[in-house]
Amino acid sequence: MTESVDKTTDTSVQSTPLTRVSGRPWKNVKKPTNRTMMAKSLRRSHEQRMQQDRDQKSLKLMEKEMRDEKEAEKTALRNRIVERRKKFQEKVQREAFEAKMSERKRMRMKRKELRQRAHAKH
């Protein structure tokens with residue numbers, strides 16, 4: 001007695017590519033929204049809905065570009081301010097260094113003058 005066991009898959013679970021089903025047997029097959037229940041004045045065709053989606057996407061894109069442009073302007077202003085402050089700080093440091101150097105030069109000249117006076121007495 002040989003019994004053959006058929007290995008078949010459950011076809012009720014499998015779905016065709018055209019249906020929207022989750023693949024779980026306890027879930028119902030979803031159907032497109034029935035728009036005939038809506039009032040005639042509220043109904044729009046698929047093309048109208050797609051056109052509205054495209055319009056909204058282009059509006060969002062334009063808003064994003066405007067935000068990016070504004071942010072770039074702020075960043076450029078910030079960078080200019082930082083550069084200006086850095087240059088001013090470098091200028092102050094350079095002037096302090098030059099003042100220090102001129103002070104050293106004055107001290108050298110003073111010592112040289114004192115040496116010359118001491119030499120001139122002899």
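The values are calculated or read from the model by the stated rules, or taken from the named source; none is laboratory data. All of these numbers come straight from a predicted model, not from anything done at the bench. Using ideal geometry, Cβ is built from the backbone for each residue, glycine included, and neighbour counts are taken over all protein chains shown.
Sort through Glu95, Glu47 and tell me the only one that's part of a helix (DSSP H, G or I), at negative phi and exposed (fewer than 10 other Cβ atoms within 10 Å of the Cβ).
Answer to the check: Glu47.
Out of (1) surrounded by 10 or more Cβ atoms within 10 Å (Cβ to Cβ); (2) within 41 Å of the chain's Cα centre (by Cα); (3) at pLDDT below 95, what's the single condition that is false for Lys105?
Every condition holds for Lys105 apart from (2).
If I filter segment 64-80 for residues that are under 30 Å from Asn34 (Cβ atoms) and surrounded by 10 or more Cβ atoms within 10 Å (Cβ to Cβ), do I get at least one hit?
no
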